[in-house]
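A.B. asks: Questions regarding the structure given below will be posed in turn.
The values are calculated or read from the model by the stated rules, or taken from the named source; none is laboratory data. Remember, predicted model here, so these are calculated numbers, not experimental data. Cβ: placed from backbone, ideal geometry, glycine included. Neighbour counts: every protein chain shown.
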Amino acid sequence: MIVTVTLNLALDVTYHVAEVAPHSANRVAAVAQRAGGKGVNVARILHALNHETLVCGLLGGSTGDAARIDLERAGLPVALSRVGGETRRTLAVVDEARGDATGYWEPGPSVAEREWRAFLAVYDDALAGARAVVLAGSLPPGVRPDAYAELSRRASAVGVPAVLDADGDPLRLGIAGRPALVKPNRDELARVAGDTDPVASAERLRDAGAGAVVVSQGADGLLAVTPEGRWRAAPPEPLAGNPTGAGDAAVAALTAGLVEGTAWPDRLADATALSAAAVAAPLAGGFDPDVYRRHLAAVRVESLTRHGGALRH
């Protein structure tokens, strides 16, 4: 079982607009609403790939109730702790003409210390049956910025590897918990490592405690700096669509590869293809199976450790 943790769980609302016209009224062509947050998106993709999952996190109020109902309808097992505040909403506006999206994220409910302690009890129980845990997304108000370090240490203490996908202080401080894998995008990496060279920045995160670092580079694919070597994985072609859940799809594939012991080149090819397939899907937490299969056969993984070019495909 793979446990995913979404401390700042959300009810995601997605608007599809033919073409966004700034500073004027925009007619929405389609609306979708479902439970979200980075860890939830990872769980949805793992579930679709037939991996057993458990969604952990915090939720509250009527928005939280709606999110829980949606998770249950999707067949995703949950172990969620209630808080007194209202679960946040997020709004993604997909511009069909430009093939991109703009997001508006609410901050989330304030979490009291007693609510955090109640969550830790649920989390510790969930780790008992876990093969890996994904710690993903922002932290709601009231949760200490080093929360991911504590969760990673608790997982490590019972032999469960942690995968961390966060930004800012939650990422920088979370590395002290020595997660097995850290997955920033290039902007997140620059914010915590302060270096224009992504390989050097990734090495700096490894020096700080990360076991391996995989960097999302948008249309340029993935960069991996690991104990076994360095690789770059590139998709065969750029795709237009909704990139909101592409990083979450990469995390899902990388976590599956971690628990299955897949070799890094194949793990990165899978993550690159699944990330591209997520861009082609209308909602974060989904992917296009045809795009996934097509890209998986054509992803190019290049070793940066030695000369000699691509290792596969």
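A.B. asks: Can you find, within the range 222-242, the residue that is surrounded by the fewest Cβ atoms within 10 Å (Cβ to Cβ) among those that are out of contact with any Leu (no Cβ under 6 Å at 6 or more places or on another chain) and hydrophobic (A, V, I, L, M, F, W, C)? Give the steps one after another, and end with the answer.
C.D. replies: The initial filter retains those residues of the range 222-242 that are out of contact with any Leu (no Cβ under 6 Å at 6 or more places or on another chain), namely 223, 225-229, 234-242.
Now restrict to residues that are hydrophobic (A, V, I, L, M, F, W, C): 223, 225, 234, 239-240.
Details: Leu223: 23, Val225: 24, Ala234: 20, Leu239: 19, Ala240: 12.
So, considering only residues that are out of contact with any Leu (no Cβ under 6 Å at 6 or more places or on another chain) and hydrophobic (A, V, I, L, M, F, W, C), the one surrounded by the fewest Cβ atoms within 10 Å (Cβ to Cβ) is Ala240.
A.B. asks: Which of the residues that make up the range 3-29 are buried (at least 18 other Cβ atoms within 10 Å of the Cβ), in a strand (DSSP E or B) and of a type outside the set (Gly, Ala, Ser)?
C.D. replies: Val3, Thr4, Val5, Thr6, Leu11, Asp12, Thr14, Tyr15, His16, Val17
A.B. asks: Let me ask something else about it. List pairs: first residue in the range 264-277 and touching a residue at least 60 places away in the same chain (Cβ under 8 Å), second residue surrounded by 24 or more Cβ atoms within 10 Å (Cβ to Cβ) and part of a helix (DSSP H, G or I) anywhere in the structure, Cβ distance under 6 angstrom, at least six positions apart or on different chains.
C.D. replies: Leu274/Ala249; Leu274/Ala253
A.B. asks: Give just the number: which of (1) surrounded by 14 or more Cβ atoms within 10 Å (Cβ to Cβ); (2) among the small types (Gly, Ala, Ser); (3) assigned to a loop (DSSP other than H, G, I, E, B); (4) modelled with pLDDT under 95 does Ala97 not satisfy?
C.D. replies: (1)
A.B. asks: Taking only the range 187-221 into account, find how many residues are part of a loop (DSSP other than H, G, I, E, B) and at negative phi.
C.D. replies: 6
A.B. asks: Condition first: in contact (Cβ under 8 Å) with a residue 60 or more places away in the chain and either in contact with a strand residue (DSSP E or B) (Cβ under 6 Å, 6 or more places away or on another chain) or closer than 29 Å to Gly221 by Cα (or both). Can you find one or more residues in the range 186-195 that meet it? Spell out the reasoning first.
C.D. replies: Applying the first criterion (in contact (Cβ under 8 Å) with a residue 60 or more places away in the chain) to the range 186-195 yields none.
Looking through the range 186-195, none of the residues is in contact (Cβ under 8 Å) with a residue 60 or more places away in the chain and either in contact with a strand residue (DSSP E or B) (Cβ under 6 Å, 6 or more places away or on another chain) or closer than 29 Å to Gly221 by Cα (or both).
A.B. asks: What's the number of the condition Pro107 fails, among (1) modelled with pLDDT of 95 or more; (2) loosely packed, with under 15 Cβ neighbours inside 10 Å; (3) closer than 20 Å to Leu58 by Cα?
C.D. replies: Evaluating Pro107 over (1) modelled with pLDDT of 95 or more; (2) loosely packed, with under 15 Cβ neighbours inside 10 Å; (3) closer than 20 Å to Leu58 by Cα leaves (1) as the failure.
A.B. asks: In the list Ala193, Ala202, Ala128, Ala219, which residue meets the criterion of being under 25 Å from Met1 (Cα atoms) and either out of contact with any helix residue (DSSP H, G or I) (no Cβ under 7 Å at 6 or more places or on another chain) or surrounded by 16 or more Cβ atoms within 10 Å (Cβ to Cβ) (or both)?
C.D. replies: Ala128
A.B. asks: In the range 53-85, which residues are touching an Asp or Glu at 6+ places or on another chain (Cβ under 6 Å) and outside any loop (DSSP other than H, G, I, E, B)?
C.D. replies: The answer is Gly61, Thr63.
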